[in-house]
Amino acid sequence: MKDCQKVEEYIAGRGFKVVEHKSDLLYAALGNLYVSFWCPEKSHIFDVDPLELADHLKLFNSDVLVVVAYRPYLVIDELQSVADRINRWYGRDLGVKLIGVNAADIEEGLEEAVGHAMAFRPFKIGQGLGDGDICPNCASARMRIYVSEKIFSAKYRSLISHIVMGCPSCGLRIRRVEMLS
């Protein structure tokens, strides 16, 4: 099974809706949080037009880009170079978080990558529930719960509770993973 097919199955189970599907790219949304999942054929990017690559990967519209490859950090280094060129040449800051997932252990990697993506900008996921404790950072507002799910973890090999909280006052974000069994 191709990597992008595995990614699509996994993110559907975590509540993401696929907005656009290409052979090597999934553009998905969870509320207003947009995440691109890229499964490149090659582990290098040479002689590319930075704007064309950014448009293909939906970098101007994404909050997070997850690279699924056998050498993801090599690709991420080159993508960071492309982002720097776009900033330097065109004065545009992408503001996208880059996360790598090794295709050899895709299940564990996707679990962590999706969790980090949710915690990157939780305020875009929805309104959240105001059932959290007082913010430990500013102590002036209650933490809101943006994600609360129970999933079977490939990393911990047991049932876990995954919670993402945030403070609407100061912007503090907390990701909590608790083992249930």
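Details
- Relative contact order computed over the chain (Cα-Cα under 8 Å; 6+ residues apart), in percent: 14
- Sequence-distant contacts, meaning Cα pairs under 8 Å at least 6 residues apart, place the relative contact order of the stretch 1-83 at 25 percent.
- Förster radius 22 Å - calculated FRET efficiency between ASN87 and LYS42 (Cβ-Cβ, nearest 0.05): 0.35
- Potential extension, HIS56-GLU107 segment - 0.36 nm per residue separation minus Cα distance: 15.9 nm
- Computed FRET value (nearest 0.05) for LYS97 with SER158, which takes r as the C-beta separation and R₀ as 22 Å: 0.20
- Computed over protein heavy atoms with a 1.4 Å probe, the accessible surface of the chain works out to 53 Å² per residue.
- When each of the peptides 23-31, 154-162, 49-57 is scored by how many other beta carbons lie within 10 Å of its residues on average, the order from highest to lowest is 23-31, 49-57, 154-162.
- Karplus 3J(HN,Hα) series, Hz, for the stretch 108-119 with 6.51 cos²θ - 1.76 cosθ + 1.60 (x for Gly, Pro): 5, x, 5, 4, 5, 5, 5, x, 5, 5, 5, 7
- Near SER153, the amide H atoms lying under 5 Å from its own belong to SER158, LEU159, ILE160; only residues 5 or more places off or on other chains count, and H is placed 1.01 Å from N.
- Charged-residue dipole, Cβ positions (Lys, Arg, Asp, Glu), the stretch 1-120 about Cα centre, Debye nearest 20: 240
- Of [x] 48; [y] 42; [z] 62, the label for percent of Cα pairs over 22 Å apart derived from the coordinates: [x]
- When the chain is described by a simple charge dipole with +1 on each Lys and Arg Cβ and -1 on each Asp and Glu Cβ, the residue from GLY95, LEU30, SER148 located farthest towards its positive end is SER148.
The values are calculated or read from the model by the stated rules, or taken from the named source; none is laboratory data. Only a predicted model underlies this, so the values are computations on that prediction, with no experimental measurement involved. Cβ coordinates were reconstructed from backbone atoms using ideal geometry, including for glycine residues, and neighbour counts include every protein chain displayed. When the accessible area is computed, the model is the full protein with side chains, heavy atoms only, and any ligands, DNA or RNA have been set aside. Shrake-Rupley method; radii C 1.70, N 1.55, O 1.52, S 1.80 Å.
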